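J.: Input: one structure, supplied below.
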Amino acid sequence: MARFLCFTCRRPITAPVRKIPLPPEKDAPVEVTTRTDRIRPPRMPRGTYAANLRPGEFSGEPPGLVIHPDDAIGMRLHPDVSRLGGCCGINDVDGLPNLVCAGCGAELAIHQADCYGQNQVTLRTDAVILSYVDD
């Protein structure tokens with residue numbers, strides 16, 4: 001299997017993943033009672049990734065490589081708290097990355113897990129590389 005690495009420092013930033021076609025968007029939960037219940041289930045199955053390089057104009061999704069949030073292992077939240085906006089969970093602000101490499105701090109991805117979007121992590125294609133070598 002493959003894994004993604006930070007382009008800058010080559011640190012692993014995902015669990016092992018395999019490529020699949022992009023799944024359809026998940027529907028929003030109905031009849032919820034708490035804010036966290038409004039967050040959709042993850043769009044991607046664990047251990048997979050998909051290219052979403054041309055999202056719809058009004059989808060609110062950034063272009064990139066989509067992974068399951070739990071597969072993002074070598075990243076941490078952006079130190080700039082203004083990048084951590086959202087209503088019921090985290091979402092991107094103006095398409096700016098909100099996850100950075102835990103090793104070097106390079107901006108790598110956008111984590112979306114809010115009531116008005118998909119629950120996913122989108123890796124920036126210019127910030128990551130795909131490696132098939134197991135360490």
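J.: State whether the residues of region 21-37 include one that is closer than 16 Å to ILE129 by Cβ, within 15 Å of the chain's Cα centre (by Cα) and in contact (Cβ under 8 Å) with a residue 24 or more places away in the chain.
T.: Among the residues of region 21-37, not one is closer than 16 Å to ILE129 by Cβ, within 15 Å of the chain's Cα centre (by Cα) and in contact (Cβ under 8 Å) with a residue 24 or more places away in the chain, which makes the answer no.
J.: Return a yes/no flag: does region 65-77 have any residue that is over 16 Å from SER131 (Cα atoms), in contact with an Asp or Glu (Cβ under 6 Å, 6 or more places away or on another chain) and touching a residue at least 24 places away in the same chain (Cβ under 8 Å).
T.: There is no residue in region 65-77 that is over 16 Å from SER131 (Cα atoms), in contact with an Asp or Glu (Cβ under 6 Å, 6 or more places away or on another chain) and touching a residue at least 24 places away in the same chain (Cβ under 8 Å).
J.: Answer yes or no as to whether VAL100 is touching a helix residue (DSSP H, G or I) at 6+ places or on another chain (Cβ under 6 Å), of a type in the set (A, V, I, L, M, F, W, C), buried (at least 22 other Cβ atoms within 10 Å of the Cβ) and under 16 Å from LEU5 (Cα atoms).
T.: no
J.: Only one residue in GLY105, GLY64, GLY85 is more than 12 Å from the chain's Cα centre (by Cα), within 23 Å of ARG3 (Cβ to Cβ) and not aliphatic (A, V, I, L, M). Which one?
T.: GLY105
J.: Criterion first (at pLDDT below 95 and either outside any strand (DSSP E or B) or hydrophobic (A, V, I, L, M, F, W, C) (or both)) does CYS115 satisfy it?
T.: For CYS115, the condition - at pLDDT below 95 and either outside any strand (DSSP E or B) or hydrophobic (A, V, I, L, M, F, W, C) (or both) - is met.
J.: Does THR8 count as within 19 Å of ALA109 (Cβ to Cβ), modelled with pLDDT of 95 or more and in contact with a helix residue (DSSP H, G or I) (Cβ under 6 Å, 6 or more places away or on another chain)?
T.: Here the answer is no, as THR8 does not meet what is asked.
J.: To continue, here is another question. So which residues in region 43-99 are under 10 Å from VAL121 (Cβ atoms) and among the aromatic types (Phe, Trp, Tyr)?
T.: TYR49
J.: What's the number of the only condition in (1) over 22 Å from ARG10 (Cβ atoms); (2) touching a Pro at 6+ places or on another chain (Cβ under 6 Å); (3) at pLDDT 95 or above; (4) not hydroxyl-bearing (Ser, Thr, Tyr) that ARG46 fails to meet?
T.: (2)
J.: May I pose another question? Go through ASP71, ASP80, ASP126 for me and flag whichever is modelled with pLDDT of 95 or more, exposed (fewer than 14 other Cβ atoms within 10 Å of the Cβ) and not hydrophobic (A, V, I, L, M, F, W, C).
T.: Criteria check complete, one pass: ASP126.
The values are calculated or read from the model by the stated rules, or taken from the named source; none is laboratory data. Computed from a predicted model, the values in this text were never measured in an experiment. Heads up, the Cβs are rebuilt from the backbone with ideal geometry, glycines too, and the neighbour counts pull from every protein chain shown.
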